[in-house]
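Read the structure below first, then the notes.
The values are calculated or read from the model by the stated rules, or taken from the named source; none is laboratory data. What you are looking at is a predicted structure, and each value in this text was computed from that prediction instead of being measured. Ideal geometry is used to build each Cβ from the backbone, glycine not excepted, and the neighbour counts take in all protein chains shown.
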Number of protein chains: 2
Amino acid sequence: MAEEMTPKVNMETIVSLCKRRGFVFQSSELYGGQASCWDYGPLGVELKRNIRDAWWRSVVQERDDMVGIDASILMHPQVWEASGHLQGFTDPLTECKGCHRRWRADEAKDGRCPSCGGELTEPRMFNLLFKTFMGPVEDSASTVYLRPETAQGIFVNFENVLATSRKKLPFGIAQIGKSFRNEITPGNFIFRSREFEQMEIEYFVKPGTDEQWFRYWLEERFNWYVNLGIKRQNLRLREHMHHELAHYAKCCYDIEYLFPMGWSELEGIANRGDYDLSRHSQFSGRSLTYFDEESGQHITPYVIEPSAGVDRSLLAFLLDAYDEEPDKEGIRVVLRFHPTLAPVKVAVLPLSRNPRLQPLAREVYNRLRRCWLVQYDDAQSIGRRYRRQDEIGTPLAVTIDFQSLEDNQVTIRDRDTMKQIRVPLGVLEETLERKLAGEPLEVLPPGGSYWLGWGE
Amino acid sequence: MAEEMTPKVNMETIVSLCKRRGFVFQSSELYGGQASCWDYGPLGVELKRNIRDAWWRSVVQERDDMVGIDASILMHPQVWEASGHLQGFTDPLTECKGCHRRWRADEAKDGRCPSCGGELTEPRMFNLLFKTFMGPVEDSASTVYLRPETAQGIFVNFENVLATSRKKLPFGIAQIGKSFRNEITPGNFIFRSREFEQMEIEYFVKPGTDEQWFRYWLEERFNWYVNLGIKRQNLRLREHMHHELAHYAKCCYDIEYLFPMGWSELEGIANRGDYDLSRHSQFSGRSLTYFDEESGQHITPYVIEPSAGVDRSLLAFLLDAYDEEPDKEGIRVVLRFHPTLAPVKVAVLPLSRNPRLQPLAREVYNRLRRCWLVQYDDAQSIGRRYRRQDEIGTPLAVTIDFQSLEDNQVTIRDRDTMKQIRVPLGVLEETLERKLAGEPLEVLPPGGSYWLGWGE
């Protein structure tokens, strides 16, 4: 049991892989780095796109009761008064009288600096909103804030969405976008950064049905991670204790993942009651209600909020996919991504750089990249190239050899089993598509000839 | 000729349609609106996603010589010193001594306030960078800026991308993301706003080949708009005159679109020479060169930059798709979106709300939304529902009638021709897919029985 609780890969290994292979770079590294900001490289951006798309597909496209929006980052300052962020979005900040490092008070509970052991000042409340100035005058009238969450962009558009989408309760609004929090102590790679990306749902329900919908979304969102390949034993649910609950929340659970630094929040699911719509109604003077045809009454819906982080999910998917296995050349590093998330779906590899192989290999490559993100690689030995693709999690490789020039067949190699099959070019896309959709490679399209177990 | 130069739809019509149908809302409208910020509603967010995806597919997925990245909005302040933005990203600002309204000096050229006719102050240079403060101290040491362009995120990652992607010259890096400019006078709906989204490419080439690649990208990007349905006569190229050129640019062309306010920039394509890499090399002290195996020399690549706006493109696609035609019920408003861009691909419409039709209609709807974003609509007459779908640009509608219950066939109706065909349920997805890919509806899948010309 204790062993199961130990993450199998440490953060340094993942950070190093991310930099080496182009998933994530330190932002502005050229200038010594911008603390707690991160840039996604060529593979990271594709992984991120795939995560966003899988989420959008699952919560918008495939559902009858959801629509999306994309609100701006800079919003009217009154939004943050109504939401309570201007007043209450604070952390207790303390400073060491010796080394002048600053800490969140709960990180230095015994009153001594965790860095030098010096004495700390009395904590004061520090607001986490980033502020800026809009328009050509820098005074208080033009102060605006970078949104600390995408959620409020949904609440202030509740009326507009209701009017234009003609949805009935229960229905939800989904949004993906950047948020900014001036965290005192960001850290753990992309887990907690000051600029981050959220995937948030506000699901509006009739009061009284909120507990049932809360449980529904808890299960739905938990399963989303499992269905995309996160191992169930690395996920758990944790109910917020009373003192942890935000002032607006009736109930909140975290979906936690076993990160290298321990169990930490991957996604929060909160029952926010009617707090948000009521507050915005109060501050704007507009009635934000829903006319319930059944009862003939105007009601203020309750809200269930599943709030996920893109960067955090990406980190969890990376960590969970990471695997090492000994082989004759040392250690094989494999990212066992779910095919839906893998940045590169297929690698096209001519057996060697022999110019006779190139025309067919390029032809296959040009064909396949109409369907997927595909990499062409002809540098070094075929074994090295398989390893390179394993390390970035490419599910399938297509190898073109001299036999291919004769029989118009190519070899497909599976990342996880390392098994290989040979298929006619005519059914290549179809076979790859079925394999990427989860069918075992041994199930072949009708009429395809093949052989198994070709060693590397 | 003069007639061709007149846009056929005015901005008010589009703004009103956008609000009414849920494409674009004024940001924070609940609180009187946040000037020059816009929120994308349920249809707008889908249109935006489709534009981004079409661009990414065209410039990353389908190309061998391009990769993507996703850099952070908050970067190291030295980036903006090196890029020249801290010093030179300014507009001349003038203020009316009477009404105190502020203007960009070129908007009030005769020295009198365009609003009240009052006398204006001497122009002073106003920097368009938004600034904020990172970390828990608000002093100059922690001042950071919201990026005014995504381009610099590419330049500072040049080394990292080169090392991890192993690309050879010529190659490019693409990025989509938000940028922020504190414009003195934003306006024209989503055309010029202070928060906006860019799609930028930095294409690195050997010096000497830059002019040829410049022309290549000019043509490539022009055709992208045409291939996605923008009418050629509404597009033109305009070369920047010498005094318009940015200090870094050797040459620049705008792809202009005939917006309601006249010909205006849709995308800029610039030959930036080696300005950016040289500056960052100078400011960071790191050599940002490329080792050219052919000549055995380290060279600083030249850069061609096609820089497009997501919001601007979206506005152009909306305007260009807008059409009105008289019909027996008054005026039919149609958004003739290219199928790739249409927010909703297919509408599923039971002929009436009769409960006998519902099970099959829901079954078809559930099947189709696995493939596309699909709307189900059973409210009001079928004619009204076709009009509603026309107005949001849905290319195809599938109608289920009582005959469908007998013969398992449904009707597909084409938005543009209003022609209808009848197809067996077994080939429905295939037929829709071929139609969405541009095949005329009259070309039918083998074995499909059909009839044409069923009137509304």
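For region A:360-384, enumerate the residues that are farther than 17 Å from B:Arg63 by Cα and more than 12 Å from chain B (Cβ to nearest Cβ). Those that are farther than 17 Å from B:Arg63 by Cα and more than 12 Å from chain B (Cβ to nearest Cβ): A:Leu360, A:Ser381, A:Ile382, A:Gly383, A:Arg384.
I'm trying to understand the selection: among the residues of region B:276-308, which are away from chain A (no Cβ under 14 Å), more than 30 Å from B:Glu239 (Cβ to Cβ) and not aromatic (Phe, Trp, Tyr)? Correct list: B:Asp292, B:Glu294, B:Ser295, B:Gly296, B:Gln297, B:His298.
Of all residues in region A:50-69, those satisfying the criterion of being under 23 Å from A:Leu146 (Cα atoms) and crowded, with 22+ Cβ neighbours inside 10 Å are A:Gly68, A:Ile69.
Per-residue answers, yes or no, for (1) touching a Lys or Arg at 6+ places or on another chain (Cβ under 6 Å); (2) more than 23 Å from A:Ser313 (Cβ to Cβ); (3) at pLDDT 90 or above; (4) β-branched (Val, Ile, Thr):
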| residue | (1), (2), (3), (4) |
| --- | --- |
| A:Pro42 | no, no, yes, no |
| A:Arg52 | no, no, yes, no |
| A:Trp56 | no, no, yes, no |
| A:Val59 | no, no, yes, yes |
| A:Val79 | no, yes, yes, yes |
| A:Lys109 | no, yes, no, no |
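Taking the criterion of being facing chain A (nearest Cβ under 8 Å), touching a strand residue (DSSP E or B) at 6+ places or on another chain (Cβ under 7 Å) and surrounded by fewer than 21 Cβ atoms within 10 Å (Cβ to Cβ), the residues of region B:159-203 that qualify are B:Asn160, B:Ser165, B:Lys178, B:Ile184. Consider region B:111-143 and keep the residues that are in contact with a Gly (Cβ under 9 Å, 6 or more places away or on another chain) and within 21 Å of A:Gly33 (Cβ to Cβ). The one that is modelled with the lowest pLDDT is B:Ala141.
Of everything listed in (1) within 14 Å of chain A (Cβ to nearest Cβ); (2) in contact (Cβ under 8 Å) with a residue 24 or more places away in the chain; (3) not hydroxyl-bearing (Ser, Thr, Tyr), the single unmet condition for B:Glu211 is (1).
When restricted to residues that are without any contact (Cβ under 8 Å) to a residue 24 or more places away in the chain, surrounded by 14 or more Cβ atoms within 10 Å (Cβ to Cβ) and of a type in the set (Ser, Thr, Tyr), region A:345-399 contains 1.
Per the conditions (1) farther than 24 Å from A:Gln26 by Cβ; (2) assigned to a strand (DSSP E or B), the sole criterion not satisfied by B:Leu169 is (2). Can you find even one residue in region A:18-33 that is in a helix (DSSP H, G or I), more than 8 Å from chain B (Cβ to nearest Cβ) and buried (at least 17 other Cβ atoms within 10 Å of the Cβ)? Scanning region A:18-33 turns up at least one residue that is in a helix (DSSP H, G or I), more than 8 Å from chain B (Cβ to nearest Cβ) and buried (at least 17 other Cβ atoms within 10 Å of the Cβ).
In region A:145-158, what count of residues is obtained for those that are of a type outside the set (A, V, I, L, M), within 20 Å of B:Gln26 (Cβ to Cβ) and more than 8 Å from chain B (Cβ to nearest Cβ)? Qualifying residue count for the region: 6. Of the residues making up region B:397-423, those that are part of a loop (DSSP other than H, G, I, E, B), more than 18 Å from B:Ser381 (Cβ to Cβ) and within 32 Å of the chain's Cα centre (by Cα) are B:Asp416, B:Thr417, B:Lys419.
Can you pull out every residue in region A:76-104 that is away from every other protein chain (no Cβ under 12 Å) and either within 22 Å of A:Leu146 (Cβ to Cβ) or surrounded by 14 or more Cβ atoms within 10 Å (Cβ to Cβ) (or both)?
A:Gly84, A:His85, A:Leu86, A:Gln87, A:Gly88, A:Phe89, A:Cys96, A:Gly98
Taken over region A:36-63, the residue count meeting the criterion of being more than 7 Å from chain B (Cβ to nearest Cβ) and part of a loop (DSSP other than H, G, I, E, B) is 2. Look at B:Val9 and say whether it is more than 30 Å from A:Arg49 (Cβ to Cβ), more than 11 Å from chain A (Cβ to nearest Cβ), of a type outside the set (S, T, N, Q) and not in a loop (DSSP other than H, G, I, E, B). Considered against the rule, which asks whether it is more than 30 Å from A:Arg49 (Cβ to Cβ), more than 11 Å from chain A (Cβ to nearest Cβ), of a type outside the set (S, T, N, Q) and not in a loop (DSSP other than H, G, I, E, B), B:Val9 comes out as no. Scanning region A:129-144 for residues that are touching a residue at least 12 places away in the same chain (Cβ under 8 Å) and more than 9 Å from chain B (Cβ to nearest Cβ) yields A:Leu129, A:Thr143.
Could you please give the count of residues in region A:64-75 that are closer than 19 Å to B:Asn50 by Cβ, more than 7 Å from chain B (Cβ to nearest Cβ) and of a type in the set (Asp, Glu)? Number of matching residues: 0. Among the residues of region B:278-333, those identified as of a type in the set (Asp, Glu) and within 30 Å of B:Tyr386 (Cα to Cα) are B:Asp311, B:Asp320, B:Asp323, B:Glu324, B:Glu325, B:Asp327, B:Glu329. If you filter region A:230-267 down to residues that are surrounded by 21 or more Cβ atoms within 10 Å (Cβ to Cβ) and closer than 17 Å to A:Trp217 by Cα, you find that the one that is farthest from the chain's Cα centre (by Cα) is A:Cys252. Checking each residue of region A:37-60 against the condition of being without any contact (Cβ under 8 Å) to a residue 40 or more places away in the chain and more than 26 Å from B:Asn157 (Cβ to Cβ) gives at least one match.
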